[in-house]
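Engineer: I am attaching a structure below and will ask some questions about it afterwards.
The values are calculated or read from the model by the stated rules, or taken from the named source; none is laboratory data. Treat the numbers as computed from the prediction; the structure is a model and nothing was measured. Note: ideal-geometry Cβ built from the backbone for every residue, glycine included; neighbour counts use all protein chains shown.
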Amino acid sequence: MISSPSSEEIAALVSKIRADSEKLAKRRGWVLNPNAQVVDSVMEGLARNKLVRGRRYCPCRLPNGNPEIDKRYICPCREAEKDVEVAGHCHCYFFMK
């Protein structure tokens with residue numbers, strides 16, 4: 001059984017995820033959602049997935065254990081670019097136009 005990461009472990013990883021996500025958003029002409037609660041929640045989910053599953057899987061999607069399928073959901077997921085373009089935000093409202 002996989003143990004849950006501590007809040008300290010998650011917090012330590014969140015700052016790196018924030019910096020990486022801000023750089024990626026800027027490169028793509030996106031921004032992070034101005035709603036800090038949404039951003040914080042998604043970043044905590046990304047950190048938890050990194051610590052438990054080894055990759056920053058989108059917390060809004062459930063990996064099924066098949067690495068070939070699951071890699072589609074590493075943040076930003078493969079659908080993010082189209083979602084941001086069409087809807088103005090990705091599936092979990094993390095990245096926005």
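Engineer: Looking at S3, S21, S15, which one is of a type in the set (S, T, Y), assigned to a helix (DSSP H, G or I) and surrounded by fewer than 13 Cβ atoms within 10 Å (Cβ to Cβ)?
Structural biologist: Working: S3 fails: assigned to a helix (DSSP H, G or I); S21 fails: surrounded by fewer than 13 Cβ atoms within 10 Å (Cβ to Cβ).
Every option except S15 fails the conditions.
Engineer: Same structure, new question: Could you pull out every one of the helices (runs of 4 or more DSSP H) wholly within region 32-97 that has 2 or more residues that are of a type outside the set (D, E, K, R) and either touching a residue at least 12 places away in the same chain (Cβ under 8 Å) or closer than 13 Å to S21 by Cβ (or both)?
Structural biologist: 36-53, 80-87
Engineer: Regarding K50, is this residue surrounded by fewer than 13 Cβ atoms within 10 Å (Cβ to Cβ), of a type in the set (K, R) and either in contact with a Gly (Cβ under 6 Å, 6 or more places away or on another chain) or within 20 Å of S3 (Cα to Cα) (or both)? So that I can check it myself, show each step before the final result.
Structural biologist: Working: surrounded by fewer than 13 Cβ atoms within 10 Å (Cβ to Cβ): no; of a type in the set (K, R): yes; either in contact with a Gly (Cβ under 6 Å, 6 or more places away or on another chain) or within 20 Å of S3 (Cα to Cα) (or both): yes.
So K50 fails the test.
Engineer: Going by what's in this entry, would A47 be described as at pLDDT 95 or above, small (G, A, S) and more than 10 Å from the chain's Cα centre (by Cα)?
Structural biologist: On the way: at pLDDT 95 or above: yes; small (G, A, S): yes; more than 10 Å from the chain's Cα centre (by Cα): no.
Criteria not met by A47.
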